[in-house]
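No value in this document is a laboratory result; all are computed from the given coordinates. Given the structure is predicted, the values throughout are model-derived calculations rather than measurements. So basically every Cβ, Gly included, is an ideal-geometry build from the backbone, and we count neighbours across all protein chains shown.
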Amino acid sequence: MKFNEIILQDKPVLVDLYADWCAPCRIQTPILQELKQKMGEQLSIIKVDVDKNPQLAARLQVRSIPTLMIFRKGEIKWKHSGVVQADELERIIQQNS
């Protein structure tokens, strides 16, 4: 499934734009795993390596990583750069669902 198809889903899609060399990105990964355990099928989470997908990162105007974005039906509902805790992400997702 392509990125554009994934973000068109009815349920919220959390996109984590990251790089392997980024220390804060490595901190964000277990937080996203915790969030997925809490929210299950209510949410899709996809990780996009900005080094392997520079065109997509440019299109989404990613200036720093990690950048987290929430899409719903193809529309950007929320965007944030930096590490965000699971409880805060859950609250933001519920506000934007």
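Numbers at a glance
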{"quantity": "For the chain: Kirkwood Rh in Å [reciprocal of mean 1/r, alpha carbons]", "calculated": "13.3 Å"}
{"quantity": "Under 13 Å, Cα to Cα: Lys pairs in the chain, sequence gap 8 or more or different chains", "calculated": "4"}
{"quantity": "Karplus 3J(HN,Hα) series, Hz, for the range 24-39 with 6.51 cos²θ - 1.76 cosθ + 1.60 (x for Gly, Pro)", "calculated": "x, 5, 5, 5, 5, 4, x, 5, 5, 5, 4, 4, 5, 5, 5, 9"}
{"quantity": "Ellipticity estimate at 222 nm from DSSP helix runs (n ≥ 4, -39,500 (n - 2.57)) divided over the chain, nearest 500", "calculated": "-11000 deg cm²/dmol"}
{"quantity": "Segments 28-38, 53-63, 68-78 sorted - mean Cβ within 10 Å per residue, highest first", "calculated": "68-78, 28-38, 53-63"}
{"quantity": "Summed side-chain charge close to Gln95 - residues other than Gln95 whose Cβ falls under 12 Å, Lys, Arg +1, Asp, Glu -1", "calculated": "+1"}
